[in-house]
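The values are calculated or read from the model by the stated rules, or taken from the named source; none is laboratory data. Fair warning: this is a prediction, and the values are worked out from it, not measured in the lab. Ideal geometry is used to build each Cβ from the backbone, glycine not excepted, and the neighbour counts take in all protein chains shown.
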Amino acid sequence: MKKYNPTSAPRRHMEYVDTSTLTKGQKPEKSLVFGRHRHVGRNHAGRITMRHKGSGVKKLYREIDFLYNKHDMTARVHSIEYDPNRSSFIALIVYRDGERRYVLAPQTLTVGRTIMVSDKAPIEIGNRTVLSRIPVGTVVYNIELERGRGAVMARSAGVGAIVMAQEGPYTTLQLPSGELRMIASANWASIGALSNPEHSFMTIGKAGRHRKMGVRPAVRGKSMNPRDHPHGGGEGNTQIGRPAPRTPWGKLARGVKTRRKNARSQVFILQRRK
């Protein structure tokens with residue numbers, strides 16, 4: 001982690017991820033970068049449907065390869081870069097035929113390393129293969145839920161799922177949330193844990209930096225009037241006056257289960273997250 005000199009009160013506690021491991025002077029690959037319209041919490045009519053979003057600096061979108069559809073061909077890691085659109089670092093890889101793609105970078109992946117996507121690939125950091133070939137106890141990321149649909153699970157900074165068992169056509173994984181889940185052994189996954197594990201320890205430090213990240217101010221419900229929020233009202237600094245926190249619309253908040261009880265994938269979950 002990188003700490004800043006206490007030139008002001010908020011900057012005294014400011015900490016940021018150390019980016020010294022990234023490739024110096026590397027500009028984004030032009031063929032894989034494009035602009036994207038940000039809706040900043042508005043719908044098609046321009047009305048706010050998601051609170052506390054807006055402003056922020058402009059960011060170019062890096063096209064990330066989650067399909068990994070170039071099989072049995074080695075690729076060399078050209079650079080490790082920062083991506084403003086996600087928490088983990090990304091790697092620019094160059095395939096043997098010259099094609100360049102961005103992929104999520106796992107920990108310990110360095111420039112010059114060779115990775116491969118194959119059902120016969122060695123069990124090494126950065127390689128991608130089917131779950132049935134991965135030994136028990138191995139950490140994986142970029143996991144498919146449906147074969148050929150691309151990676152959808154374990155894609156945040158520092159996370160990785162653990163292969164717990166191989167039972168017939170299914171592989172049991174312990175997800176970063178603690179959930180135990182069965183996934184088809186024919187699905188693909190990448191070996192390793194994702195980069196930038198210190199991301200969760202980052203301290204924003206000051207409000208201005210939060211605004212640059214696209215986050216607008218949030219007002220506490222207990223500081224509002226009763227007509228504006230269920231927590232509002234009272235003289236001075238009072239409690240919320242309810243047995244459980246509520247949303248501005250009166251629904252239960254914090255700790256409420258939102259998963260559908262009759263979800264089709266319920267049979268694949270062996271143990272829910274804590």
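Of everything listed in (1) small (Gly, Ala, Ser); (2) more than 25 Å from residue 42 (Cα to Cα); (3) over 27 Å from the mean Cα position of the chain (by Cα); (4) loosely packed, with under 11 Cβ neighbours inside 10 Å, the single unmet condition for residue 233 is (4). Of all residues in region 75-93, those that are touching a strand residue (DSSP E or B) at 6+ places or on another chain (Cβ under 7 Å) and surrounded by fewer than 16 Cβ atoms within 10 Å (Cβ to Cβ) total 2. In region 253-269, the qualifying residues are those that are in a loop (DSSP other than H, G, I, E, B) and under 27 Å from residue 165 (Cα atoms), and the one that is nearest to the chain's Cα centre (by Cα) is 259.
Condition check ((1) touching an Asp or Glu at 6+ places or on another chain (Cβ under 9 Å); (2) surrounded by 11 or more Cβ atoms within 10 Å (Cβ to Cβ); (3) on the phi > 0 side of the Ramachandran plot) across all residues:
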{"residue": "188", "(1), (2), (3)": "yes, yes, no"}
{"residue": "198", "(1), (2), (3)": "yes, yes, no"}
{"residue": "201", "(1), (2), (3)": "yes, yes, no"}
{"residue": "205", "(1), (2), (3)": "yes, yes, yes"}
{"residue": "214", "(1), (2), (3)": "no, yes, yes"}
{"residue": "228", "(1), (2), (3)": "no, yes, no"}
{"residue": "243", "(1), (2), (3)": "no, no, no"}
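Here is the figure for region 12-48: residues that are more than 14 Å from residue 216 (Cβ to Cβ) and either of a type in the set (Ser, Thr, Tyr) or outside any loop (DSSP other than H, G, I, E, B) (or both) total 13. Within region 96-112, if we keep just the residues that are out of contact with any His (no Cβ under 9 Å at 6 or more places or on another chain) and surrounded by fewer than 16 Cβ atoms within 10 Å (Cβ to Cβ), the residue that is farthest from residue 70 (Cα to Cα) turns out to be 108.
So, of the residues in region 37-50 that are under 24 Å from the mean Cα position of the chain (by Cα) and exposed (fewer than 11 other Cβ atoms within 10 Å of the Cβ), which turns out to be farthest from residue 64 (Cα to Cα)? The residue in question is 43.
Taken together, 219, 152, 163, 140 contain a single residue that is touching a Leu at 6+ places or on another chain (Cβ under 9 Å), without any contact (Cβ under 8 Å) to a residue 40 or more places away in the chain and either surrounded by fewer than 16 Cβ atoms within 10 Å (Cβ to Cβ) or in the same structural domain as residue 84 (by TED's automatic domain parsing) (or both), which is 163.
Given (1) free of Cβ contacts under 8 Å to residues at least 24 places away in the same chain; (2) touching a Lys or Arg at 6+ places or on another chain (Cβ under 7 Å); (3) over 28 Å from residue 87 (Cβ atoms); (4) not hydroxyl-bearing (Ser, Thr, Tyr), where does residue 253 come up short, assuming only one miss? In the conditions (1) free of Cβ contacts under 8 Å to residues at least 24 places away in the same chain; (2) touching a Lys or Arg at 6+ places or on another chain (Cβ under 7 Å); (3) over 28 Å from residue 87 (Cβ atoms); (4) not hydroxyl-bearing (Ser, Thr, Tyr), residue 253 misses (3) alone.
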